[in-house]
1. Got a sec to turn the phi values of the stretch 170-179 into Karplus ³J(HN,Hα) couplings, 6.51 cos²θ - 1.76 cosθ + 1.60 with θ = phi - 60°, whole Hz, x for Gly and Pro?
2. Using the Kirkwood formula over every pair of different C-alpha atoms, what hydrodynamic radius in Å results for the stretch 149-248?
3. Grab the DSSP H runs of the chain that are 4 residues or longer, score each as -39,500 (n - 2.57), total them, divide by all residues and round the 222 nm result to the nearest 500 deg cm²/dmol.
4. For the stretch 60-147, just run the numbers: alpha carbon Rg, then divide by 2.2 N^0.38 Å, N being how many residues it has.
5. Can you give the relative contact order of the stretch 1-111 as a percent, counting alpha carbon pairs under 8 Å and 6+ residues apart?
6. Could you put 287, 203, 241, 88 in order, starting from the residue whose Cβ has the fewest other Cβ atoms within 10 Å?
7. When the dipole is taken about the Cα centre of the stretch 46-130, and only Lys, Arg (+1) and Asp, Glu (-1) are charged at their Cβ, what size is it in debye, to the nearest 20?
8. Could you state the orientation-averaged shadow area of the convex hull built on the Cα atoms of the stretch 243-318, in nm² to one decimal?
Amino acid sequence: MVSQNAPRALAGEIAPVLRSIANVVVGKAEAVEQTLVAVLAGGHLLVEDVPGVGKTTLARALARSIGGSFSRIQCTPDLLPSDVTGVHVLDQRQGTFVFQQGPVFANVVLADELNRATPRTQAALLEAMEERQVTLEGTTRPLPSPFLVIATQNPIELEGTFPLPEAQLDRFLLRLRIGYPDEHGEQELIDRFARAAPLDEVHPVLDLQRLTALIRSVREIRVEPSVRNYVVALVRATREHNAVRLGASPRATLALFHAAQALAAIKGRTFVVPDDVKALIAPVLGHRLLLNSQARLRGRSELTVLDEVVAATPVPVE
């Protein structure tokens, strides 16, 4: 069990990372916070939004703020699995094959427009996301720690894309939508980028070794039985809703549980409250539901169904 001061200390170490990213990703405090939730919960992030709202900037700012390595995979239909994981190349001097690492060997991996990659290439990323390792020709190679995949996809352009299957979507801890800034935020964006690129001024404010320790400590945040039951009840309710064909999986239960711990830690608390869980319902569960055809025809969405689930599930009280 964590001490009373540990979460406050954790929040104090995470706060500079939040500020560092917020200096570049203007006016999107909630998106930045949810990104740090994914990092501290040890999960991956799916950013589904239109071009130009700062998806790539968010990933680069995160990598620089934690002093981690960064790589970008531009997903296209002709991208091969080996282009992601790496290949064996012939060393002519020694006459042997040596492994040349692919871009997946980085702390923060940006898979840009993931739904443009073929299912085979998407599957190559699946083991890396789930197992934190890459296996080629019988040899398993661990990936750097911490390891975070930030995948993006454009929800508007569907031509020439390969929609992510449910098994792949379920590997993402959170689905995030950054959205357009408001008028004030857009004016501030111009002010910050008028003379220089703020991303060039982002420097490490937390080292990887300490971040790894913080990720472990988040798992010690207390979750009372009543709040645990609330998490389970919410997830199970998605499976029983009459508009849902495929509800959230048991992996989603763990995702919501650990994400709530991470949010509580960011807030500087030693325990999770129901509001932590409710704040993460949409980003954690929204991409894991599959509605039935009748619900789709009536214009219902996963988010409206989740609103109904939250409204119908009793909230624990002290």
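Read-outs: derived from the displayed coordinates by stated rules, not from any lab. All values derive from a computational prediction rather than experimental measurement. Heads up, the Cβs are rebuilt from the backbone with ideal geometry, glycines too, and the neighbour counts pull from every protein chain shown.
1. Result, ordered by residue: 5, 7, 8, 5, 10, 10, 10, 10, 6, x Hz.
2. On the way: mean 1/r = 0.0525 Å⁻¹.
Mean inverse Cα-Cα distance, inverted, gives 19.1 Å.
3. On the way: 13 runs with 145 residues, N = 318.
Helix-only estimate at 222 nm: -14000 deg cm²/dmol.
4. Values: Rg = 13.7 Å, N = 88, 2.2 N^0.38 = 12.1 Å.
Normalised Cα radius of gyration, the stretch 60-147: 1.14.
5. This gives 23 percent for the stretch 1-111.
6. 203, 88, 241, 287
7. Working: 7 positive and 9 negative charges, 57 e Å.
With Lys and Arg at +1 and Asp and Glu at -1, about 280 debye.
8. Values: hull surface 21.7 nm².
The number I arrive at for the stretch 243-318 is 5.4 nm².
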